[in-house]
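The values are calculated or read from the model by the stated rules, or taken from the named source; none is laboratory data. Just so we're clear, the structure is a prediction, and the values are computed from it rather than from any experiment. We place every Cβ from the backbone using ideal geometry, glycine too, and count neighbours over all the protein chains shown.
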Amino acid sequence: MSDHPPFAVAVDLAVFTIREGALSVLLVERGGAPYAGAWALPGGFVEPREDAEQAAWRELHEETGVELFAGHLEQLRTYSDPDRDPRMRVVSIAHVALAPDLPEPQAGTDAADARWWVVDDLLEGEDAPDLAFDHRQILLDARERVRAKLEYTTLACEFVAEPFTLPELRRVYAAVWGTAPDLGNFRRKVLGTDGFVVPTADQGAPGESGGRRAALYRRGPARSVFPPMARHTVRSEG
């Protein structure tokens, strides 16, 4: 018999999309103990014959009905506080995922409900619910990861459906950072970084005043932006 106490590896997912101009995250209402009735990030235990990424996609689908999507997925960090789960020692490998136009979730397995929440409402709203486990900290870390990567990568393009206009892309920065980047600097960075975006032969709808049609773009092959696109100071929550 082993002298080690029970131990498990889990995954948690901070799944982001932009809905009605706001950065939003997918949460589930827990249907069972511990934290029954509390809201939490989708996630669960890694099964013996799967890796962490496979477990992340499986748990997402089982708890919310959201299928594997073609957006961005990356590991955030490992959360290993000995007391983070009251059942036993559980180490969680947290992930960040994002894509445009993600569907409405449908609660499944042990989830009582599933819905999108505006991130700022969860982290800064006076009436925000307490999140289960250490999921508030995971969400804070995930939001900061995405905010930071918008400075020095082309990750913002993963939030918009193709083809897209530059105003649509700029609204991604406004939603994630909480403030839009300077218009002139934004255009210089996006159009001056080789492979940030690729123009299409099509044009978008005319503006509200009936002016010229906006140019349409697709994601380019570039992954980094140098020098980085500076963001205004965004208040950090702890």
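Brief remarks on what is shown
- Cβ pairs under 8 Å, 6+ apart, first in the range 55-82 and over 16 Å from LEU102 (Cα atoms) and touching a residue at least 24 places away in the same chain (Cβ under 8 Å), second loosely packed, with under 14 Cβ neighbours inside 10 Å and hydrophobic (A, V, I, L, M, F, W, C): ALA55/PHE45
- Qualifying residue in the range 213-223 (condition: part of a loop (DSSP other than H, G, I, E, B) and either over 18 Å from VAL146 (Cα atoms) or at pLDDT below 95 (or both)): yes
- Qualifying residue in the range 173-185 (condition: of a type outside the set (Asp, Glu) and in contact with a strand residue (DSSP E or B) (Cβ under 7 Å, 6 or more places away or on another chain)): yes
- LEU76 being out of contact with any Gly (no Cβ under 9 Å at 6 or more places or on another chain) and closer than 14 Å to ALA132 by Cβ: no
- Residue match in the range 196-209 (condition: surrounded by fewer than 18 Cβ atoms within 10 Å (Cβ to Cβ), modelled with pLDDT of 95 or more and of a type outside the set (Val, Ile, Thr)): yes
- Number of residues in the range 116-161 that are in contact (Cβ under 8 Å) with a residue 24 or more places away in the chain and over 18 Å from ARG187 (Cα atoms): the value is 27.
- Considering (1) more than 14 Å from LEU60 (Cβ to Cβ); (2) touching a residue at least 24 places away in the same chain (Cβ under 8 Å), the lone condition that HIS95 does not fulfil carries the number (1).
- The range 1-49 - residue that is of a type in the set (Ser, Thr, Tyr) and surrounded by fewer than 20 Cβ atoms within 10 Å (Cβ to Cβ) and, of those, farthest from CYS157 (Cα to Cα): SER2
- Elements of type strands (runs of 3 or more DSSP E) in the range 1-93, at least 2 residues being within 18 Å of LEU140 (Cβ to Cβ): 7-19, 22-30, 72-79
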